[in-house]
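See structure below.
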Amino acid sequence: MPDAVVIGAGVNGLVAANLLADAGWSVEVLEAQPTAGGAVRSDTDVADGFVHDTFSAFYPFGAASPVLTDLDLTRYGLRWRHAPAVLGNPLPGGRWALLQRDRQETAAGFERMAPGDGRAWLDLVAQWDRVGTNLMGALLSPFPPVRHGVPLLARLGTEPGLETARMLLITARQLATERFRGEGPGLLLAGNGQHADFSPEGAGSGVFGWIMTMLGQTVGFPAPEGGAGALIAALMARLASQGGVVRTGVEVTDIVVDEGRAVAVTTAEGERVAAEHAVLADVAAPRLYADLVGWEHLPARTHRAMRHFGWDPGTLKVDWALSGPVPWDPAPAVAPGCVHICDGLDELTIESAQVAAGQVPSHPFLLAGQMTTTDPTRSPAGTEAMWAYTHVPQRVRGDAGGEGITGDWDGGDAERFADRVQARIERYAPGFGERVINRRVLSPPELERRDANLVGGAVNAGTAQLHQSLVFRPAGGLGRANTPVRRLYLAGASAHPGGGVHGAPGANAARAALALGRIRRRAQR
Ligand SMILES: Cc1cc2nc3c(=O)[nH]c(=O)nc-3n(C[C@H](O)[C@H](O)[C@H](O)COP(=O)(O)OP(=O)(O)OC[C@H]3O[C@@H](n4cnc5c(N)ncnc54)[C@H](O)[C@@H]3O)c2cc1C
């Protein structure tokens, strides 16, 4: 019998398994899909010779996360690649807002667009230099985040610190307009807020946009050489070297609870796998409790809380194999790996409001990736492996684009909406369509078929908005991995600190299980 069973071989499940194995525990990871990785996988299905990341692609959190860096995955084959520029947004009128690797270059670009914005940019980055490491450390550790939180609070108490404390509350629009004269910097900040589900007016949009943008400025938006799957391959190789086992194609359907403790799991094939010390679930919280545990084993407050659990919006993703580079007109001065397509802050606000109101957006905000620009191994020289995704309502009530898209994603709406997505790119890159060798559309239900945690195409296993973050994730509590069932730990992105590839929920769950294991051993002695 293994010491621990981990349900799900997403990045968080594999991080948890690695940390448990490092502590000397035997670990068995059970994964429903035929391949490990969850939302961190790559495939070659779009066109011969092209590698596409099926879901996630850029890993600023991964590069900044002490959890992942401490695993030293470069020893197991992981190699980060960077595009010449981090992020760009083409603007109407033929300009680009560009985030470059070098902060001085970024500032110089903004200065050319609006005098004064260069200095303002450098000030914003300097503010990050003062608190960024502690802020990331505090966010990525379990509550209370003593080690990083105390120095962070000490800094926030000083006068420039108060300005940073205000930053934690400000909206992206306010941040954009009070700091900058031109539209470029604010659009990048607010667009980065949209990587989660923050509208420019939403509480928390300023700080989330700031964090993402400053990570881009300081660590870049790196991607694993060879595809997102290379990150998972490194985690798997590391785990195997410690004796951990991963079994794919094994769906867990039940957690066996005995006297309030998780003692085993059963699989769709009827196999029972017992766990000596702990079960760690890289499973979306509402599914874990409703389907795998069962309400009869849970307190009424958990049932109530899960009824109010908020999913983030759905997602539709399009992958293209292109015969040449994207024909941007004009081309950016330096090629970015990540591209936002958004005409301005107001458009972003209207798009967010449409999604919130159940409308398929008329002008979808696109988050796109030029992956061969980032990592030349992704497709033959001179071609481009490209993707873009955008948010759609979880429940569609109408089409703000006036084309009658009803949310029948399996019935033709996915391709029709993908045409709208592609037209957005075509406007800034005339001739884009002529370079398409093949296109693949991943609708919300298709994303969920490929990873059960992506409920309705939600990329973050639950909204990242403040009412469901920190100690409120996945429900009001201590922001820890423990669940009401003893020896069962929530190890996936619906636990604090949420979505993104940083491994923190997995690490928090492993540490919680190990801490309890230590207490029990001491008690036995
Ligand atoms: C389209 C898309 C784009 C994204 N882009 C980025 C990005 O660029 N950068 C970034 O940092 N983040 C990005 N994210 C978010 C990020 O990928 C996720 O937050 C992160 O991968 C979540 O990891 P996880 O281990 O918690 O869950 P998952 O990756 O969802 O893994 C969970 C695993 O558990 C398995 N599982 C679930 N239930 C069971 C069961 N009952 N039995 C057995 N196995 C089960 C699933 O099959 C899956 O393999 C993106 C997500 C999506 C969907």
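Assorted remarks:
- Segment 165-272: chymotrypsin sites (Phe, Trp or Tyr not before Pro) in DSSP coil with no more than 11 other Cβ atoms inside 10 Å: none
- Under the span-like rule (Cα at least 20 Å along the axis, Kyte-Doolittle mean at least 0.0), DSSP H helices of the chain: 117-139
- The chain - mean residue ellipticity at 222 nm from DSSP helices (-39,500 (n - 2.57) per run, n ≥ 4, rounded to 500): -11000 deg cm²/dmol
- Cα gyration tensor category, rounded, prolate or oblate, for segment 33-188 with a/c compared to 1.5: oblate
Coordinate-derived values only; no laboratory data. Keep in mind the model is a prediction, meaning the values are calculated, not measured. Because the Cβ atoms are built from the backbone with ideal geometry, glycine has one as well, and the counts that use them run over all protein chains shown.
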